[in-house]
1. Can you find a residue that is at positive phi and at pLDDT 80 or above anywhere in segment 261-268?
2. Is it fair to say Ala516 is surrounded by 13 or more Cβ atoms within 10 Å (Cβ to Cβ), out of contact with any helix residue (DSSP H, G or I) (no Cβ under 6 Å at 6 or more places or on another chain) and either modelled with pLDDT under 80 or closer than 23 Å to Ile457 by Cα (or both)?
3. Given the structure, is Thr369 within 28 Å of the chain's Cα centre (by Cα), surrounded by fewer than 17 Cβ atoms within 10 Å (Cβ to Cβ) and at pLDDT 85 or above?
4. Would you pick out the residues in segment 316-345 that are at pLDDT below 80 and surrounded by 17 or more Cβ atoms within 10 Å (Cβ to Cβ)?
5. If you scan segment 473-508, which residues turn out to be closer than 15 Å to Ile457 by Cα and out of contact with any strand residue (DSSP E or B) (no Cβ under 8 Å at 6 or more places or on another chain)?
6. Regarding segment 123-139, can at least one residue be identified that is crowded, with 17+ Cβ neighbours inside 10 Å, touching a Gly at 6+ places or on another chain (Cβ under 8 Å) and outside any helix (DSSP H, G or I)?
7. Considering segment 453-487 alone, what residues qualify as being at pLDDT below 80, in a helix (DSSP H, G or I) and under 32 Å from the mean Cα position of the chain (by Cα)?
8. So for segment 382-395 (the condition being part of a loop (DSSP other than H, G, I, E, B) and of a type in the set (A, V, I, L, M)), does at least one residue qualify?
Amino acid sequence: MAAPGAQQLLTRLAATERHRLAIAVVCGTLAGAMTWGQMLLFAWLVSALVVNSQSLQSLTSLFVLWLLILPLRGLLSYVQESVSQQASLAIRQRLRGELLSHLAALGPVRLASYHSASLAHQLVEQVEALDGYFARFRVQMWLSVLLPMGVLIITLSLDWLAALFLFLSAPMIPLFMSLVGMGAERLNRDQFAAVARLSGHFIDRVRSLTTLQLFGQTASAKQSVHLASDGYRIRSMRTLRLAFLSSAVLEFFASVAIAVVAIYIGFGLLGYIDYGPSDQLTLFSGLLILLLAPEFFQPLRSLAQHYHDRAAALGAADSLTKLLDEAPPPNRETGDQATPAVSPSEGLLSLKNATVTHPGRGRVLGPLTLKLQAGETVVLTGPSGSGKSTLLQLLAGFIDAGEGQRHCAADLRFAWMDQRPLLIQGTLADNLRLAAPEASDAVLLEALEKAHLGKLIRQLPEGINSAISERGVGLSGGQAQRLALARVFLSQAPLVLLDEPTASLDEATEQAVMSALKALQQEGRSLVIATHHPALMALADRRWHIDQGQFSERESAAEAQHDDT
C-alpha cells in the first residue's frame with residue numbers, strides 16, 4: 001500500500017491544475033455523448049431502412065448529421081488530450097521547482113546523505129513518472145464514472161433487464177483493478193528504488209575508472225554493473241508481465257459481459273425469452289443497446305490501461321514525499337520561520353549558547369557564544385575531528401542549532417570554499433559565472449587576476465573559454481583553489497567561510513592563495529578560516545579554538561601560533 005503522504009502529494013498537485021483537468025473531463029464527457037448520438041442515429045437509420053422500409057433519399061439529412069458529428073468528436077478528444085497534457089506539464093514543472101527549492105533549503109550537509117545520481121533520478125525520472133497519472137489517469141477516473149452512468153441511464157430507459165446485466169458486470173473490472181494495483185504499486189516502488197541504486201552504482205564506477213584501471217579491477221567492475229542492470233531488467237519484465245496479464249483478464253471480463261447482453265438481445269428479438277421487458281425489444285432498441293454495451297465498458301477498460309500510470313505515480317510520489325518531508329534547518333526554511341535579525345551592536349553574525357547534536361552521537365559542539373564583526377578575520381583552530389567544519393556549517397546555516405540561537409542580518413550573503421571546490425564540466429567562464437551570472441568577460445578576468453590565476457589564463461589558447469571536465473579535471477589542485485577564490489571575489493559576499501584553503505598545496509601556490517586572502521581582507525570582507533597553518537593564523541585578528549566540541553577564544557594570533565606549537 002502507498003504511504004498516505006504519496007496520495008496526498010498527488011491530490012495537492014492535482015488541485016493546482018483543477019481548472020484544466022475539469023475542462024479535460026468536460027470535453028471527454030461531451031465526446032462520449034457525441035458517440036452516443038452517433039449510435040442512436042445509426043440504430044434509427046437501420047430501423048428505418050429495415051423495419052419501416054424508408055428510402056435512402058429520405059434519410060439523407062440523418063446521414064449528413066451523423067457525418068458532421070465525427071469531426072466534432074475528434075475536436076473534443078483533441079482538446080481533452082491537449083489540455084490534460086498541459087496540466088501535467090505545468091504540474092511537473094511546479095513540482096520540479098519545489099524539489100529544487102527544497103534541496104537548496106536542505107543545504108549541502110543534509111544532502112550529503114543522498115547520492116547525487118539518486119537525486120538526479122528523483123528530479124528527472126520520478127517526476128516524469130507522474131505524467132501518465134495527471135495526463136491520462138486522473139481525467140479517465142472521472143470519465144469512467146460519468147460515461148458508464150450515462151450509458152446505463154440510456155439503457156435503463158430502453159430495457160431495464162439489459163441495464164441490470166451491465167450494472168452487475170461493471171464492478172468486476174474495478175475490483176480486479178484494485179487487486180492488480182496492489183501488486184503493481186509495490187513493483188513500481190521497488191523498480192524506482194532499483195533504478196536509483198543502479199544510477200549510483202554506475203556513476204561511482206565511472207568516477208573511479210582511473211583507480212579501477214590502476215588496480216586492474218575493470219573486469220570485475222564491468223561484471224558488477226552487468227549484474228545490477230540485469231536485476232533491473234528482471235524487475236522491469238516482472239512489471240510488464242503483470243501489466244499484460246491484468247489487461248488480458250480485464251478484456252476477458254468485458255467481452256463476457258458484452259456477450260451476455262448480445263445473447264439476451266438476440267434471444268429476446270427471436271421470442272425465446274418472455275421474461276420482463278424482453279417482449280418489448282425492437283430492432284431499434286436492441287441494436288442501440290448492443291452498440292452502447294462496448295461503450296459502457298470502454299471507459300473502464302481505458303482506466304484499467306492507465307491504472308499502471310497510477311501505480312507508477314504512487315511509487316514515485318512515495319519516494320519524493322520522503323525527500324520533501326525532511327525538514328531543512330529553521331534558518332534556511334522558506335516559510336515564516338526565519339533567522340532572527342542581528343542588531344548593529346551584535347556584529348555581522350553571532351551565536352548564543354548554540355549547540356549541535358547529531359543522531360546517535362549526541363552533542364558534538366557547544367554550547368558556544370561568539371560574535372563576528374564586519375571586516376574581521378578570524379582563524380578557527382583545533383585538532384582534526386574536533387568540530388571546526390561543523391562550526392563553519394553552523395555559521396553558514398547549513399545545519400541548525402539544536403539549542404540556542406543564530407543571529408544574522410536577513411539578507412546576509414556568504415561565500416564558501418573548502419579543500420575540494422565544486423567545479424562543473426564546461427568552460428572556465430561557466431564556472432566563474434556560477435557566482436556572478438551576468439558578469440562580463442572583463443570582470444571575470446579581473447577576478448582571476450585577484451586570485452593570481454591571470455597569468456595562466458593568458459597562456460591558454462582560448463583563455464576563459466577553455467574547457468575543463470567535471471570536478472576540475474584539467475586543473476591542478478592549486479589552480480582549482482584559485483579558481484574558487486576568483487568566484488569568491490565575484491560573489492561580493494561580505495562573509496567568506498574557508499575550510500583548510502591551503503591544505504595539500506605547494507609553497508608557490510600557497511603564497512598565491514595567501515595573497516588572494518589578503519586582497520579579500522582589503523576589500524573589507526569578514527573571513528573565518530579553519531586551518532592549522534601558521535601563516536594563515538598570522539592573518540587573523542582573533543582566534544577561535546575548538547577542542548572536543550568545546551569552544552574557547554584567543555585574541556592574539558601570535559598566542560595561537562604558540563599554543564599550536
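The values are calculated or read from the model by the stated rules, or taken from the named source; none is laboratory data. In this text the structure is predicted, and so the values were computed from the model without any measurement. Counting neighbours? That spans all protein chains shown, and the Cβs are built from the backbone with ideal geometry, glycine included.
1. As a first pass, look at segment 261-268 and keep what is at positive phi: none.
No; the residues of segment 261-268 include none that is at positive phi and at pLDDT 80 or above.
2. Values: surrounded by 13 or more Cβ atoms within 10 Å (Cβ to Cβ): yes; out of contact with any helix residue (DSSP H, G or I) (no Cβ under 6 Å at 6 or more places or on another chain): no; either modelled with pLDDT under 80 or closer than 23 Å to Ile457 by Cα (or both): yes.
It is false that Ala516 is surrounded by 13 or more Cβ atoms within 10 Å (Cβ to Cβ), out of contact with any helix residue (DSSP H, G or I) (no Cβ under 6 Å at 6 or more places or on another chain) and either modelled with pLDDT under 80 or closer than 23 Å to Ile457 by Cα (or both).
3. No, not satisfied.
4. Across segment 316-345, the qualifying residues are Pro328, Pro329, Asn331, Arg332, Thr339, Val342.
5. Those that are closer than 15 Å to Ile457 by Cα and out of contact with any strand residue (DSSP E or B) (no Cβ under 8 Å at 6 or more places or on another chain): Ser476, Gly478, Gln479, Ala480, Arg482, Leu483, Ala486.
6. Step one: list which residues in segment 123-139 are crowded, with 17+ Cβ neighbours inside 10 Å, which gives 123, 126-127, 129-139.
In the following step, the residues that additionally are touching a Gly at 6+ places or on another chain (Cβ under 8 Å) were identified as 129, 139.
Adding the requirement that they be outside any helix (DSSP H, G or I) leaves 129.
For segment 123-139, residues crowded, with 17+ Cβ neighbours inside 10 Å, touching a Gly at 6+ places or on another chain (Cβ under 8 Å) and outside any helix (DSSP H, G or I): present.
7. Those that are at pLDDT below 80, in a helix (DSSP H, G or I) and under 32 Å from the mean Cα position of the chain (by Cα): Glu470, Arg471, Gly472.
8. Of segment 382-395, the ones part of a loop (DSSP other than H, G, I, E, B) are 382-387.
Now narrow it down to the ones that are of a type in the set (A, V, I, L, M): none.
Scanning segment 382-395 turns up no residue that is part of a loop (DSSP other than H, G, I, E, B) and of a type in the set (A, V, I, L, M).
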